[in-house]
Amino acid sequence: MMSHHSAARRVAVTSHGRAIRGARMATEMTGESPAPPACAAATIDSTVADAVRRARAGDVDAFGIVYRVHAPAIHALCRRMLGNEQDARDALQDVFVRAWEKLGSFRGESALRTWLHRLGINVILERLRAGRRDALRFDDQAGDVAPSGSTPAERAEAAIDLAAALDRLPNGSRMVLVLHDIEGYSHEEIAAMTGIASGTSRAQLWRARRHLSRMLGE
């Protein structure tokens, strides 16, 4: 019999191409598609709710529905926070493997999207902490880091591509900017998630915004 872990990874791998295509079509800053009409949204919500109930009972195909609906937004989150497409794809699979394993603990107190989103952030932080010692650096005294694009052509590319500009930010600054300016978390929430001081979060956000302003030529 296929294990929960293997089943979830099979869903993630076989559905991944469609998910990535959806992510590329999503809104650049939010990773979400334009809101569907109310009647269509209600139908989608009902379908996903039914799929969650069946997935909790071990239905892999039902979990595939959950994956296809929510993978684009989670992929966009991973891509922005990790700054690397391959790492984002790996993290996306890890998120949904963990979601499959933990789906029984989802009680519906929050929206599934919120639950998956928080799970995604936890996975991303774990992956960063498991990497190089300085992969996730939050240093109040850190100096400015020059944009990696050293040629006019590289700077021009960043100016027309926000994703490229985000990739050029130091990991710590990018993490705070994505969580605060894009995902909407407060500095206190970021501090609780990452283990840094709220003042450090504010300092990193200020640096990130300044770097982006310079790279985008504003």
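What follows draws every value from the coordinates through simple rules; no lab data is involved. Note that the structure is predicted; figures quoted are calculated from it, not measured. Note that each Cβ is placed from the backbone with ideal geometry, even for glycine, and that neighbours are counted across all protein chains shown.
Overview of values
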quantity	calculated
Sites residue 188 and residue 46, calculated FRET efficiency, Cβ-Cβ separation with R0 35 Å, nearest 0.05	0.50
Chain lengthening between residue 197 and residue 56 when straightened (0.36 nm per residue, less Cα-Cα)	47.0 nm
